[in-house]
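The values are calculated or read from the model by the stated rules, or taken from the named source; none is laboratory data. Keep in mind that what you see is a predicted model, and the values were worked out from it rather than measured. Cβ placement follows ideal geometry from the backbone for every residue including glycine, while neighbour counts extend to all protein chains displayed. For accessibility, only protein heavy atoms count, side chains too; no ligands or nucleic acids. Shrake-Rupley method; radii C 1.70, N 1.55, O 1.52, S 1.80 Å.
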Amino acid sequence: MRSIQTKFIALILGCVLLCSLVIGGAGIYNAQHMADTDSAQIMNLQCSDKAREMNALLSRIEQSVKTLAVYASGHLESAERLKSDPGYLESYTRQVEPVAVNAAANTEGAMAVYVRYNPEFTPPTSGLFWSKTSLDGSFRQLTPTDFSGYSPEDTEHVGWYYIPVKNGKPTWMAPYLNENINVKMISYVIPLYMDNETVGVVGMDIDFAVLEELVDSTRLYQNGYAFLVDDAGNVVCHKELAMGTSMAKTDASLQLVAEELGNGTSGSSLFSYTWQGQQRRMAFRSLNNGMRLVVTAPATEIDAAKNRLVLQSLAALAAISALSVLLTVCMTRRLVKPLKELNAAAQKIAAGDLSISLTQPTKDEVGVLAESFQQTVNQLQKYINYINGLAYRDPMTGAKNKAAYQEAEHRLEDQMRMGRPTFAVLMLDINDLKSVNDSYGHDFGDMLIIDACKIISKSFQHSPVYRIGGDEFVVILENDDCERYAALLEVFEQEIQAHNRQARPDSQLSIARGIALYDSATDLVFANVFKRADDAMYQNKAAMKERAARAKAGAEPEPVL
């Protein structure tokens, strides 16, 4: 049979576990969603911050070139004079030259600055070109490129002029390697117009390392990094791929990445892809020069926080479940324990044992039941004690009767067999009761017996008093009362004397007494102690009668020992 505790535990644990699974599952799902959202926000935010930093650099470069272009346009009198007056061409170039060099010197990463005129109406090497011959060198004047040696379609050598002119707007050129000084450069060129006619271009070559440093300084998680590609998905700056490498052609898995970068779309989510067998995620932003700044990191590192959160949630769920089990067991034990106690008490009562005491009070229905049950047992015990009192109590004197005396005798004999109890038996007998009954009647004699019992009970308040015969009483002195029996007998004598001083001559009491202390060396059974006490009482009775006879004859009474 399954116990109530087992049923309670099964019910509560089922509810707790079900709630834990539902709430824990929802919590884990939300935790995963929040972790994914947070990681996407972190990567997009870092990408945006780095893109703003790079755009700020590009904007400063653009502003320097634009300032030079405005100056050059503002100080040019006319395109016609530039075409027809070689002297003006020369003086105009000398006028613009210091401004151009100063602009380049104050532009971060500038490696060269140039102002070139339209080769259709000016000499092929006209204009100015100042450049650094090394990264830590100063600007030096060099001979401008000779347009006559190249075709306008030769973008490799003169594309820096014809592409911006063809575009009709300021243009960022693709990065290239200056083999003369072995420096990767990127150029920003602004075409100059006057009277609806192209008069030339203004441009600067920038050390591409200033952008690469920003890219290389980007760190995400443990192994995340950043790289640059152009709008066609070709690598511009990458820690593993060479410049100009087509991402789509390098690995089939990067085809979708190249398409995504070519679209130029970006948002708050991350784009997933596989690179060299590793699942990765990326975010990107478009820069002012048309390039794409990409930040990427392994999916395992991005999901590490999410996985930790999931593990923590599972651990918390397991801990809550374990705690729920513990609390459930404790609560059910606390709930069932009073019921078990009630059941045990009922079994004791059924076996006839009413000495029960319920010790698990609770402030609930079980507690009310237990209290009612205890009150019922208490009332039943009172009735039984009352009945036992009638069975073990002398109805006339209220002292314990002979049946109670016999139970006490058996109890002490058991103690005598088990050890060495400390007790004494005091035997008491009312003198001359028969003559009082004959002279005044039994009712008067009963009054004397009652008075004698009161005196005995008052003198031996802490010891049981038994009426074992008509005028015979026994007091069993144990422990402390046994040790101070002499003082108690003195009190007894004083009580009798006090009674007799106040009583009429016919109501005075004379009580013989004899006492015997238990001696383990001689007393084998209780009857041995009782017999010695009884013998001592009869000796005392004889002595009292002899003293009374001498008193009546006028003789001096002797003290009774």
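Brief remarks follow.
- Pairs of alpha carbons in the range 135-254 whose separation is greater than 18 Å (percent): 64 percent
- Long pairs among K531/K552; K402/K434; K66/K239, criterion Cα-Cα beyond 29 Å: K531/K552; K66/K239
- Spin-label model, H157 to Q222: label points 7 Å out along the Cα-to-beta-carbon direction sit 5.3 nm apart.
- Pairwise inverse Cα distances across the range 432-561, averaged and inverted, put the Kirkwood hydrodynamic radius at 16.1 Å.
- Hypothetical label at I23: residues of the range 304-318 whose amide nitrogen lies under 11 Å (7 Å Cα-Cβ projection): 317
- Treating each Cα of the range 157-217 as one equal point scatterer and applying the Debye formula with no solvent, the log10 of I(q)/I(0) at q = 0.12, 0.16, 0.19 Å⁻¹ comes out as -0.35, -0.56, -0.72.
- For K337, the lysines whose Cα comes closer than 20 Å to its Cα, not counting residues fewer than 8 places off in the same chain, are K7, K348, K363.
- Dividing the summed -39500 (n - 2.57) terms of all DSSP H runs of n ≥ 4 by the residue count of the chain sets its mean residue ellipticity at 222 nm at -18500 deg cm²/dmol.
- Residues of the range 378-412 with amide N under 19 Å of a point placed 7 Å along Cα→Cβ from V525: 402-412
- Taking a ≥ b ≥ c as the square roots of the eigenvalues of the alpha-carbon gyration tensor, the range 379-483 is classed oblate because a/c is 1.5 or more while a/b is no larger than b/c.
- The mean accessible area for residues of the range 475-561, using a 1.4 Å probe and ignoring ligands and nucleic acids, is 62 Å² per residue.
- Placing R0 at 51 angstrom, the Cβ-Cβ distance between K7 and A315 gives a FRET efficiency of 0.95 after rounding to 0.05.
- Whole-number D in µm²/s for the range 187-340 (Stokes-Einstein; Kirkwood sum over Cα pairs; 20 °C, 1.002 mPa s): 107 µm²/s
- Per residue, the convex hull volume that the Cα atoms of the range 325-455 enclose (Å³): 195 Å³
- By the equivalent-ellipsoid construction on the alpha carbon gyration tensor, the range 195-240 comes out with semi-axes of 34, 13, 8 Å, ordered largest to smallest.
- Here the chain has 54 percent of its accessible surface on carbon and sulfur atoms, given a 1.4 Å probe and all protein chains in place.
- Accessible area (Å², per residue) of the range 197-262, counting only protein heavy atoms and a probe of 1.4 Å: 41 Å²
- For the range 40-95, the solvent-accessible area of protein heavy atoms averages 50 Å² per residue (probe radius 1.4 Å; ligands and nucleic acids excluded).
- The listed residues H462, H238, H410, H75, once ranked by accessible area (1.4 Å probe) with the largest placed first, stand as H462, H410, H75, H238.
- Taking the convex hull of the alpha carbon positions in the range 91-193 and averaging its projected area over all directions gives 6.7 nm².
- Cα centroid of the range 203-219 to Cα centroid of the range 163-199, whole Å: 18 Å
- For the chain, taking Cα atoms only, Rg and Dmax work out to 61.1, 187 Å respectively.
- On Cα atoms only, tilt of 526-552 relative to the major axis of the chain in degrees: 40 degrees
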